Structure formats: structure tokens, C-alpha cells
Amino acid sequence: MPIQGLQGKDFFIDMYIDHDPSTGIKDAFCGDKTYNGHKGTDFTLRSFKTMDSGIYVHAIADGVVLAASDGEFDRNTDWLKTGMGNFILILHEGRYRTFYGHLMKNSSKVHLGDSVKKGQVLAKVGSSGYSKGPHLHLEIYDILLMDKLVDPFAGPCQVNNSSLWEYQPIYDTASYPIEDGFTPYIPRLDSLKMRWFVSDTIYANKDTVACHWILMHGLRKQDIVKTEWLDRNGKIKMQYSDTVKENEWFTYHWNYVLMPVRPGMYLVRCFVNDKLVAIRNCYIKIYEEEQ
Ligand SMILES: [Zn+2]
């Protein structure tokens, strides 16, 4: 595994190699966990907060460092820049070449010509280069096949259909919540990815809104995301629902109530197709300056 942690908890494999040569998309499992022309496998972290905790990137096999580039800005939240940002390239016993992209600034632990062992720390996950959020982009090339890009995953839609993994990670298409919370402002995607001012306490006289957000894995087109705000007596005070427009593997939804809202404790429940996926208390308080 090229990344520290557990799949489905610490990281999510949300984008595979695109095997469709046309403008369509098709991953190794004949699914749509990819985007047009994607040449690698993406191991995505849930947030910049997780990235800041320092998630290691590991060498997937023994080898020699062919290139190591560091020093680029690593907090990109949209595909504005181009390139792989900070990256490391490794040659494995004259057969494979592996490429680790979008690494954290100043996190590289190896240099050109270094020998590395399988599992050795190479760097940390970042969001440098062409990146919308913290993730590791891994590419593998087979030198014996004229340096052809190869997909390490065996699946029904992969031409040579053999796995390069010792233990191939599962192809996760389940729908489940990853994380949820509140912000005291109307967020944008980048502020949510950064987890700015996330708190369960909102001040009615100071903050602008009480916004509930949720990060979901595996939402499908036509899924209905519904959020309810209940008061202490269990009475529904506000209710929002919207229909998912596209299949989305890793995505945020949010809705908000404008301040001021009557102080007190609210219970927020979030449903996908009437199945409860998140439940959380929001404390609306009056802000008082300390004496
Ligand atoms: Zn990628």
C-alpha cells in the first residue's frame, strides 16, 4: 500500500485509471470511478486537516530513486495549476517505474540515487500541482512493455487483467458518510476541504449562519439528500432536501439556517434516500465577551 492508514477511513481510492480511449470513462472494474484520461490511481484524504497531520507515502517495492522534486505549494483546492507538483519517481529492479505525485511541500525524505525498501517512507501526501485536494496520485509503468502505463488493479475491464498487488484493495462502491459538521458561515468547497472554523457551537449574535455539511462517499444520480433540524422537543424546525445531479464518489453537501436562530440545542439529522447517515447536535448560543 503506497499510503499510510486504512482504506474507507483514512483514505479513499476514488479515481482509478481510465481505460476508455474515447471521451467516455471506464475503470478496471467497468465502473465510473475515474475521469477522462486519468492515468493513475488516486488515494484521497478526507481533508487538509488530515493532510496536516502528516500522512506518509510509502515505496510500494524495493527500488532506486530516479527523480525527487520538492518545494512546490501544496494546498491547491482546484485544478488551476498543471503538473504533478512535488513528485518522486522510483525504478524497481529494471522492470517497473512508479510515480508518486502531488506530495506535500518539503516532505521528501529521499534523493536522486537513493536505494529504497518496500514500505519505506518517501514523503507525505499533499495537494501540489494539478490537484483539487490532498491525495496521492500513483502511476506505474512497465519498462519491458516499452514503458507502458499499467493498471495495478485486476478487473473485468482491464486488458491484461492481472493484479500487481499482493493484496488488492477492494473496489469500494458503497454509499456512506465520511464526515460531517457545522460551520458558522456559508462555506465554499475550498473552505470545507480546509475545515475552517468547524464547530458544533454557533453564536446567534455573532455568526452569520449555522451550516450543516456532510462529506459522502458514493452518492448516485437521483439520490435524495435530506437534512432536518429539530428543536429540543423533537419538533422539525427546518428541513432541506436536494437531488443529486451526477454520480459523485467523494462529495460535499451542505445547507444552512440564517442567524439569528433561537438559542438552544438542535438535533440535525441527515438522510440519503430516507436512510439516516448522520446525526449531530448543534448548540446555538449567545456570545458574551469575557469579563
Ligand atoms: Zn490522479
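The values are calculated or read from the model by the stated rules, or taken from the named source; none is laboratory data. The model shown is predicted, which means the values in this text are computed figures rather than measured ones. Glycine gets a Cβ as well: all are built from the backbone with ideal geometry, and neighbour counts include every protein chain shown. Note: areas computed on protein heavy atoms with side chains; ligands, DNA, RNA excluded. Shrake-Rupley method; radii C 1.70, N 1.55, O 1.52, S 1.80 Å.
So here's what we get for this one:
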quantity	calculated
Test: residue in the range 122-137 that is surrounded by 14 or more Cβ atoms within 10 Å (Cβ to Cβ), modelled with pLDDT of 95 or more, among the β-branched types (Val, Ile, Thr) and over 25 Å from the mean Cα position of the chain (by Cα)	no
Residues located in the range 1-58, provided they are small (Gly, Ala, Ser), under 17 Å from the mean Cα position of the chain (by Cα) and open to solvent by 50 Å² or more (accessible area, probe 1.4 Å)	Ser53
Residue satisfying all of: in the range 138-171; charged (D, E, K, R) and open to solvent by 10 Å² or more (accessible area, probe 1.4 Å); modelled with the highest pLDDT among these	Glu139
Residue ID - most open to solvent (accessible area, probe 1.4 Å), chosen from residues in the range 96-121 that are away from the ligand (no atom under 11 Å from the Cβ) and among the small types (Gly, Ala, Ser)	Ser115
Scan of the range 270-291 for residues that are open to solvent by 70 Å² or more (accessible area, probe 1.4 Å) and not acidic (Asp, Glu), ordered by number	Asn273, Lys275, Leu276, Ile279, Tyr283, Lys285, Ile286, Tyr287, Gln291
Residue that is under 24 Å from Tyr252 (Cα atoms) and out of contact with any helix residue (DSSP H, G or I) (no Cβ under 7 Å at 6 or more places or on another chain), where the choices are Thr41, Thr98, Thr23, Thr77	Thr41
Condition check for Val225: assigned to a strand (DSSP E or B), modelled with pLDDT under 95 and β-branched (Val, Ile, Thr)	no
Restricting the range 130-147 to residues that are of a type in the set (A, V, I, L, M) and closer than 16 Å to Met1 by Cβ, the residue that is farthest from the ligand (Cβ to nearest atom)	Ile140
Residues satisfying the stated conditions in the range 182-195, i.e. at pLDDT 95 or above, surrounded by fewer than 19 Cβ atoms within 10 Å (Cβ to Cβ) and among the hydrophobic types (A, V, I, L, M, F, W, C)	Ile186
All strands (runs of 3 or more DSSP E) inside the range 230-291 with 1 or more residues being more than 27 Å from the chain's Cα centre (by Cα) and among the charged types (D, E, K, R)	236-243, 275-285
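Quick grid of which residues meet (1) within 16 Å of the ligand (Cβ to nearest atom); (2) without any contact (Cβ under 8 Å) to a residue 24 or more places away in the chain; (3) not in a loop (DSSP other than H, G, I, E, B):
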{"residue": "Asp172", "(1), (2), (3)": "no, no, no"}
{"residue": "Leu192", "(1), (2), (3)": "no, no, yes"}
{"residue": "Phe197", "(1), (2), (3)": "no, yes, no"}
{"residue": "Ala210", "(1), (2), (3)": "no, no, yes"}
{"residue": "His217", "(1), (2), (3)": "no, no, yes"}
